[in-house]
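Since the structure comes first, as structure tokens, the remarks are kept for the end.
The values are calculated or read from the model by the stated rules, or taken from the named source; none is laboratory data. Since we're looking at a predicted model, the values are computed, not measured. Using ideal geometry, Cβ is built from the backbone for each residue, glycine included, and neighbour counts are taken over all protein chains shown.
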């Protein structure tokens, strides 16, 4: 229990920044998931816009206003308008549903295994360091 | 600088609230007020438009509801709100609902950075001008979403038309907005307004407007802002007499009202941005002594620019799509690029007072200002020449079109009509 608390120390009340960050990050993550999971191509594009907006919001939270505004100007304004136009002008893609899956399941499993292994290694090494520090203390 | 929320925060902390809570409550009150200013302002704007246009067309205009018809738009708004909300069966639900919300959202956000009086500014962002330009992206996305999600090919085509027009005119507009930014060296809207003071013998007359120094940039901004706000002569997006309503054809009731609101507020706010950048913002005589006067000046100037757009709406015919595009890409964009290049050269001419330590420019010299003014005069001349030639050609064309073929060249203009 002590180790968990030391690994993930939670302050009793979230600060204002955290209170803004958590919904913002959730919004960004959900939109990013929708980009790949939504069957409708136009919804994917809209979700991409939402994701980029969320990232801009995170920049603004980090007090990088110029970066945030540039993100909106370059990505939301120009690039997503370009993407939306490309989707809308391609015949038959506007209203049809695209397949959610492709034949790359094996690659995905490989990737998950590798990333999971790296994450597990990190976790283990972090815990061992913590053990050492607790032992020293 | 004392900002607007500090007084409220002091009051709330005096009541015993903790500092953070007081700040949050003060900011929330400010945001609430700003969000409600928009719709109320739109009622005034619509009434003003109808009254002034009627006067120009020799009509009386709305005069039944309330004294002098003042409550007409309130009645209209209530009618729109109480209408049935219809959704086409095959419309895409998410995008169809989001589009009107986003269109209003993007417009009202710009209120947050407006410097309406000394220190009266929601947030004095250090990228204020860039923020205002970035908000245009939300309007474009909402138009696209509305056009696509209505499941109507005319709405979709109109959506494409809107985006093409907004994208084309956003470029000269943004570049023209950066001409004063280059001179001031700051994108803060508060700083831009503060820089337009003109002190003569220790008295701030408040008349150092950038519109006087840079008339060319102002003209380009104003023309582009007309197109951005979808005002005449660039209102072929809705073109009530020729087309169906445009990308919001399938919308009814409150959702349509939101698009309507967004359009009116957008054209007003573009005028307000013109006031902040080129017409001195809150600057005017005695503003240093009485800060509240700044707010009065700002409102008067903003409504003046709005009346100018109404005047243009009542006067000019609509232009064609190809003429509109050609004017943006062949006239405005090259000219404003040349203007920015010239501005950079002019500001590097000798004569400026430099900070001895940092090397920053403290005060530009006479030579710099003269060079900037000369460049702007050239741009002003070229734009007005292009417009004059266009009007002359159009006049000739319409005359030819309405005369019998056999009489061309023979008939003299009659004195009677």
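Before we move on, is residue B:155 buried (at least 22 other Cβ atoms within 10 Å of the Cβ) and more than 11 Å from chain A (Cβ to nearest Cβ)?
yes
Is it true that residue A:41 is surrounded by 12 or more Cβ atoms within 10 Å (Cβ to Cβ), at pLDDT below 90, more than 8 Å from chain B (Cβ to nearest Cβ) and farther than 30 Å from residue B:126 by Cα?
In short, yes.
Show the residue pairs meeting these rules: Cβ distance below 7 Å; 6+ apart or different chains; first residue within the stretch A:50-77 and within 9 Å of chain B (Cβ to nearest Cβ); second residue surrounded by fewer than 18 Cβ atoms within 10 Å (Cβ to Cβ) and outside any helix (DSSP H, G or I).
A:65/B:126
Can we say residue B:107 is part of a helix (DSSP H, G or I), more than 11 Å from chain A (Cβ to nearest Cβ) and modelled with pLDDT of 90 or more?
Taking the combined requirement at face value, the residue satisfies it.
Could you list, in sequence order, the residues of the stretch B:263-299 that are under 30 Å from residue B:79 (Cα atoms) and over 12 Å from the mean Cα position of the chain (by Cα)?
Correct list: B:299 only.
Assess whether residue B:179 counts as being within 20 Å of residue B:113 (Cβ to Cβ), assigned to a helix (DSSP H, G or I), out of contact with any strand residue (DSSP E or B) (no Cβ under 7 Å at 6 or more places or on another chain) and within 13 Å of another protein chain (Cβ to nearest Cβ).
In short, no.
Under the condition of being within 8 Å of chain A (Cβ to nearest Cβ) and in contact (Cβ under 8 Å) with a residue 40 or more places away in the chain, which residue from the stretch B:125-143 is surrounded by the fewest Cβ atoms within 10 Å (Cβ to Cβ)?
The qualifying residue surrounded by the fewest Cβ atoms within 10 Å (Cβ to Cβ) is B:126.
Quick one: which of B:94, B:74, B:52 is farther than 18 Å from residue B:252 by Cβ, in a helix (DSSP H, G or I), in contact with a helix residue (DSSP H, G or I) (Cβ under 8 Å, 6 or more places away or on another chain) and within 14 Å of another protein chain (Cβ to nearest Cβ)?
The match here is B:94.
So that you can scan it fast, the table gives a plain yes or no per residue for (1) within 19 Å of residue B:161 (Cα to Cα); (2) at pLDDT 85 or above:
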position: A:60; (1), (2): no, yes
position: A:83; (1), (2): yes, yes
position: A:87; (1), (2): yes, no
position: A:93; (1), (2): no, no
position: A:99; (1), (2): no, no
position: A:107; (1), (2): no, yes
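For (1) modelled with pLDDT of 85 or more; (2) part of a helix (DSSP H, G or I); (3) closer than 28 Å to residue B:384 by Cα, each residue gets a yes or a no:
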{"residue": "B:187", "(1), (2), (3)": "yes, no, no"}
{"residue": "B:190", "(1), (2), (3)": "yes, yes, no"}
{"residue": "B:208", "(1), (2), (3)": "yes, no, yes"}
{"residue": "B:221", "(1), (2), (3)": "yes, yes, yes"}
{"residue": "B:225", "(1), (2), (3)": "yes, yes, yes"}
{"residue": "B:236", "(1), (2), (3)": "no, no, yes"}
{"residue": "B:242", "(1), (2), (3)": "no, no, no"}
{"residue": "B:245", "(1), (2), (3)": "no, no, no"}
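Residue check, residue B:100 against (1) surrounded by fewer than 18 Cβ atoms within 10 Å (Cβ to Cβ); (2) touching a residue at least 12 places away in the same chain (Cβ under 8 Å), all met but one. Which one?
Among (1) surrounded by fewer than 18 Cβ atoms within 10 Å (Cβ to Cβ); (2) touching a residue at least 12 places away in the same chain (Cβ under 8 Å), residue B:100 violates only (1).
Based on this model, can you work out whether residue B:50 counts as out of contact with any strand residue (DSSP E or B) (no Cβ under 7 Å at 6 or more places or on another chain), surrounded by fewer than 18 Cβ atoms within 10 Å (Cβ to Cβ) and assigned by TED's automatic domain parsing to the domain that holds residue B:10?
no
Within the stretch B:111-123, track down each residue that is surrounded by fewer than 20 Cβ atoms within 10 Å (Cβ to Cβ) and more than 11 Å from chain A (Cβ to nearest Cβ).
Correct list: B:111, B:112, B:119, B:120.
Can you report the number of residues in the stretch B:11-32 which are surrounded by fewer than 12 Cβ atoms within 10 Å (Cβ to Cβ) and either away from chain A (no Cβ under 14 Å) or not in a helix (DSSP H, G or I) (or both)?
Number satisfying all stated conditions: 5.
Report, by residue number, each residue of the stretch A:64-79 that is more than 11 Å from residue B:137 (Cβ to Cβ) and either at pLDDT below 90 or out of contact with any helix residue (DSSP H, G or I) (no Cβ under 6 Å at 6 or more places or on another chain) (or both).
Residues satisfying the conditions are A:64, A:65, A:66, A:70.
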